[in-house]
Amino acid sequence: MAETLTHCDGCDLCGLRCSSGVPCTLEEWDGVKDFINAADELTRAKISCVARQDKTLSLGDDVSVQMCRYRDMESGGCVVYPARPLICRLLGHVPWMPCPVDKVPHTIPVEKSVELMRSYSEFERNTFEQWEEKE
Ligand code: SF4
Ligand code: SF4
């Protein structure tokens with residue numbers, strides 16, 4: 001998997017799929033917070049700034065979608081990319097979420113990805129906002 005991830009380096013072409021409501025485990029949520037806490041002052045300021053952006057993405061015809069709090073609505077990209085949850089990491093690498101521009105040549109095989117999701121679903125998962133509310 002690490003090998004295929006290199007195809008995504010510097011690419012933001014599936015960023016439009018970063019809508020709000022991404023579920024993650026408590027460990028992943030803690031990982032995001034640890035990443036932010038360990039970041040330098042400038043990075044923390046940027047993350048804080050991005051988190052306060054209006055996350056409404058207009059799709060035209062009065063249709064809009066709310067994007068993830070960590071999606072930079074101005075420059076694109078994910079400001080917690082190294083700590084992003086599994087669902088974000090799988091985008092482009094599993095059969096049901098293929099790379100939209102075919103840059104990732106090999107997806108994780110169906111059987112393996114189903115097994116991965118089955119184990120993952122055994123953990124409690126909530127959105128970033130829900131974990132925050134629980135604190
Ligand atoms: S999955 Fe495809 S579109 Fe998304 S970041 Fe990787 S190469 Fe880019
Ligand atoms: S955590 Fe990052 S990669 Fe995942 S949905 Fe949010 S902005 Fe996108």
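The values are calculated or read from the model by the stated rules, or taken from the named source; none is laboratory data. Because the structure is predicted, anything quoted here is derived from the model rather than measured. All Cβ positions, even for glycine, are placed from backbone atoms using ideal geometry, and neighbour counts span all protein chains on display. Each accessible area value is taken on the protein alone, full model and side chains, heavy atoms only, with ligands, DNA and RNA left out. Shrake-Rupley method; radii C 1.70, N 1.55, O 1.52, S 1.80 Å.
Using only DSSP helix segments of four residues or longer, with each worth -39500 (n - 2.57), what per-residue ellipticity at 222 nm results for the chain after dividing by its residue count and rounding to 500? Intermediate values should be presented prior to the final figure.
Numbers: 6 runs with 51 residues, N = 135.
Result for the chain, helices only: -10500 deg cm²/dmol.
Assigning unit charges at the beta carbon (Lys, Arg +1; Asp, Glu -1) and nothing else, what dipole magnitude in debye, to the nearest 20, does region 1-64 show about its Cα centre? Mind showing how you got there, number by number?
Values: 6 positive and 12 negative charges, 44 e Å.
Its charge dipole is roughly 200 debye.
Taking the Cα atoms of the chain, what is the range of coordinates along each of the three principal axes, in descending order and whole Å?
Projected onto its principal axes, the Cα set of the chain covers 40, 37, 31 Å.
Report the gain in length on full extension from Leu42 to Asp12: 0.36 nm times residue separation, minus Cα-Cα distance, nm rounded to one decimal.
Details: separation 30, 0.36 × 30 = 10.80 nm, distance 2.19 nm.
My answer for the length gained is 8.6 nm.
If you take the square roots of the eigenvalues of the alpha-carbon gyration tensor of region 67-135 and sort them as a ≥ b ≥ c, do you get rounded (a/c under 1.5), prolate (a/b over b/c) or oblate? It would help to have the intermediate numbers written out before the result.
Numbers: a/c = 3.10, a/b = 1.18, b/c = 2.62.
Note, shape of region 67-135 comes out oblate.
Taking the Cα-to-Cβ direction at Gln66 and at Glu115 and moving 7 Å from each Cα, how far apart do the two end points lie in nm?
3.7 nm
Can you give the charge dipole size of region 2-134 about its Cα centre, rounded to the nearest 20 debye, using +1 on the beta carbon of Lys and Arg and -1 on the beta carbon of Asp and Glu?
Details: 15 positive and 22 negative charges, 11 e Å.
With only Lys, Arg, Asp and Glu charged at Cβ, the dipole is about 60 debye.
May I ask you to compute the full-extension gain from Ser75 to Lys134, defined as 0.36 nm times their residue separation minus their alpha-carbon distance, rounded to one decimal in nm?
Working: separation 59, 0.36 × 59 = 21.24 nm, distance 3.07 nm.
Separation in residues times 0.36 nm, less the Cα-Cα distance, equals 18.2 nm.
Towards the positive end of the charge dipole of the chain, with charges on Cβ (+1 Lys, Arg; -1 Asp, Glu), say which of Pro105, Val32, Asn126 has the farthest Cα.
Pro105
Please list Arg118, Arg125 in order of solvent-accessible area, largest first, computed with a 1.4 Å probe with all protein chains present. List each step's numbers first, then the result.
Values: Arg118 150, Arg125 80 Å².
Ranked from most to least accessible, the order is Arg118, Arg125.
Once you have the Cα-Cα distance between Met97 and Cys49, take 0.36 nm times their residue separation minus that, and quote the gain in nm to one decimal. Intermediate results must be reported in sequence, preceding the final value.
Working: separation 48, 0.36 × 48 = 17.28 nm, distance 2.93 nm.
Additional length available on full extension: 14.3 nm.
Need the list of lysines near Lys46 for cross-linking: C-alpha distance under 30 angstrom, and skip anything on the same chain fewer than eight residues off.
Partners within reach: Lys33, Lys55, Lys103, Lys134.
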